[in-house]
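S.K.: Here it is, the structure, as structure tokens.
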Amino acid sequence: MTTTPVAPRTLDELSDLVTPYAVRIAATLRLADHMAAGHTKVEALAEASGCRLRPLAAILEYLSRRGVFTRVSAQQYGLNAEAERLRDDHPGGLRFRLDLTEVGSHVETAHLGYVGFARRDATAGSAYEAHYGTDLWTALAGDPVLAASWDRFMSGVTRIAADQVVTRFDWTRRAHLLDVGGGSGTLLRAVLTAHPHLTGTLVEIDPAATAARDALRENGLDARGNVAEQSFFDALPDHGDVCLLAQVLHDWDDADAVRILRRCAEAAGPDGRVLVVERLPHLDAGRLQASWMDLRMLMLFGGGERTEEQYRALITEAGMALHLTQVVSAGALGGDMVLLECSVRA
């Protein structure tokens, strides 16, 4: 069997860590924001960012050669299209995700534990656990700063699909929503705001549960929304006729995903509905982004992305039927964000 060798330069670039960390350093120091505020000379940028001249100049010079920032002179740099994406108010949210002090970079570092996770004698359930010695959920429970960063990250992901979830499902025949594993309640608040006849319960553990209570109160929704502080592996509150699982199942392996779905089916009852919001990967020839996301979920949680048929199999095993799939956000990181509507079999 013959294989086409990878060009050494390509492999060198793929394995290089200087560039990704240089970009993250620029994001952490908020260099693009400082430039936008008029600090374009190296001395002014050093003052604004609290850096020494030599280390800062080296980062700026290298990144300008890589197409991030424009080199005006040896002592002055400016923004270009790529650098604009590193501004904190850019709608893509890239600066926050790359910030070395935030959760995005924290979880990326878990790749260092992947070899230990992949070994036949591994005991860790994920590369994250192999690297940090605990799973992500335990880490979040013990670190309020990390938990707040995670909630900000996940709220941004949830907003991508929120408007569509609010309108694509017929809420008029429903009375109470259980948002299962819904973080600080971004999606629950969107549904309650759009449909005043509904009440809702968020099922979460701390610190997300506390953040959700605060957010409901701050948005004037605490009379119609409450929080059940518990695991979604335990029996759920049984007064909901719709259960929502948004970006939850891909965090778990098949056995745990079925356990979660069964709890939702029990809570919704025979006339209820279970709504699942997940990403379906594009099964094209390239599959680069889809495989990237699958690897990321496996690294973080021991979970992974699934096709519609794989979700259908899990839903069936949990005692439900999948009868409607709707795209709520196309082209989301190598796939489409979809709303899977499931009915509970009597």
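S.K.: Restricting the search to region 115-136, which residues are within 20 Å of Arg97 (Cβ to Cβ) and surrounded by fewer than 19 Cβ atoms within 10 Å (Cβ to Cβ)?
M.R.: Matches in region 115-136: none.
S.K.: Return the only residue of Leu216, Leu275, Leu236, Leu244 being under 18 Å from the mean Cα position of the chain (by Cα) and crowded, with 20+ Cβ neighbours inside 10 Å.
M.R.: Going through Leu216, Leu275, Leu236, Leu244 in turn, the sole match is Leu244.
S.K.: It is to be established whether one or more residues within region 238-248 are at pLDDT below 95 and more than 18 Å from Glu341 (Cβ to Cβ).
M.R.: Scanning region 238-248, I find at least one residue that is at pLDDT below 95 and more than 18 Å from Glu341 (Cβ to Cβ), so the answer is yes.
S.K.: Out of (1) without any contact (Cβ under 8 Å) to a residue 60 or more places away in the chain; (2) buried (at least 20 other Cβ atoms within 10 Å of the Cβ), what's the single condition that is false for Thr70?
M.R.: The single condition Thr70 does not satisfy is (2).
S.K.: Has region 219-231 got any residue that is within 23 Å of Arg345 (Cα to Cα), touching a Lys or Arg at 6+ places or on another chain (Cβ under 8 Å) and modelled with pLDDT of 95 or more?
M.R.: No, because not a single residue in region 219-231 is within 23 Å of Arg345 (Cα to Cα), touching a Lys or Arg at 6+ places or on another chain (Cβ under 8 Å) and modelled with pLDDT of 95 or more.
S.K.: Among the helices (runs of 4 or more DSSP H) confined wholly to region 253-322, which include 1 or more residues that are at pLDDT below 90 and charged (D, E, K, R)?
M.R.: Because the criterion is at least 1 residues that are at pLDDT below 90 and charged (D, E, K, R), the helices (runs of 4 or more DSSP H) in region 253-322 that meet it are 288-301.
S.K.: State which residue pairs qualify: first residue under 11 Å from Pro237 (Cβ atoms) and among the hydroxyl-bearing types (Ser, Thr, Tyr) and inside region 263-274, second residue at pLDDT 95 or above and outside any strand (DSSP E or B) in any location, beta carbons under 6 Å apart, and separation of 6 or more residues or different chains.
M.R.: No pair meets every condition.
S.K.: Could I ask something else about it? Just one of the numbered conditions (1) in contact (Cβ under 8 Å) with a residue 60 or more places away in the chain; (2) assigned to a helix (DSSP H, G or I) is not true of Ser149; which one?
M.R.: (1)
S.K.: Give the residues of region 108-135 that are touching a Leu at 6+ places or on another chain (Cβ under 7 Å) and in a loop (DSSP other than H, G, I, E, B), sorted by residue number.
M.R.: Once the filter is applied, which keeps residues that are touching a Leu at 6+ places or on another chain (Cβ under 7 Å) and in a loop (DSSP other than H, G, I, E, B), region 108-135 yields only Ser126.
S.K.: Now, a different point. Within region 301-317, which residues are among the hydroxyl-bearing types (Ser, Thr, Tyr) and exposed (fewer than 15 other Cβ atoms within 10 Å of the Cβ)?
M.R.: If the condition is that a residue be among the hydroxyl-bearing types (Ser, Thr, Tyr) and exposed (fewer than 15 other Cβ atoms within 10 Å of the Cβ), then Thr307 is the only one that fits.
S.K.: Just checking, which of Asp206, Asp170, Asp179 is in a loop (DSSP other than H, G, I, E, B), in the same structural domain as Asp336 (by TED's automatic domain parsing) and in contact (Cβ under 8 Å) with a residue 24 or more places away in the chain?
M.R.: The unique qualifying residue is Asp206.
S.K.: For the condition of a type in the set (Gly, Ala, Ser) and in contact (Cβ under 8 Å) with a residue 12 or more places away in the chain, what is the one hit in Gly240, Gly220?
M.R.: Result: Gly240 is the single residue among Gly240, Gly220 that is of a type in the set (Gly, Ala, Ser) and in contact (Cβ under 8 Å) with a residue 12 or more places away in the chain.
S.K.: Another one. Can you confirm whether region 178-197 contains a residue that is among the polar types (S, T, N, Q), crowded, with 19+ Cβ neighbours inside 10 Å and either within 22 Å of Arg97 (Cα to Cα) or out of contact with any Asp or Glu (no Cβ under 7 Å at 6 or more places or on another chain) (or both)?
M.R.: So far as region 178-197 goes, yes, one or more of its residues are among the polar types (S, T, N, Q), crowded, with 19+ Cβ neighbours inside 10 Å and either within 22 Å of Arg97 (Cα to Cα) or out of contact with any Asp or Glu (no Cβ under 7 Å at 6 or more places or on another chain) (or both).
S.K.: Still on this structure: Quick one: Cys51 ticks every box in (1) in a loop (DSSP other than H, G, I, E, B); (2) touching a helix residue (DSSP H, G or I) at 6+ places or on another chain (Cβ under 7 Å) except a single one, so which number is it?
M.R.: All conditions are met except number (2).
S.K.: Please verify whether region 74-82 includes one or more residues that are hydrophobic (A, V, I, L, M, F, W, C) and at pLDDT below 95.
M.R.: yes
S.K.: Residue pairs, Cβ under 9 Å, 6 or more apart or interchain, first in region 126-141 and within 16 Å of Gly304 (Cβ to Cβ) and in contact (Cβ under 8 Å) with a residue 24 or more places away in the chain, second assigned to a loop (DSSP other than H, G, I, E, B) and of a type in the set (A, V, I, L, M, F, W, C). List them.
M.R.: Listed pairs, sorted by first residue: Asp135/Ala124.
The values are calculated or read from the model by the stated rules, or taken from the named source; none is laboratory data. All values derive from a computational prediction rather than experimental measurement. FYI the Cβ positions are ideal-geometry reconstructions off the backbone, even for glycines, and counts take in every protein chain you see.
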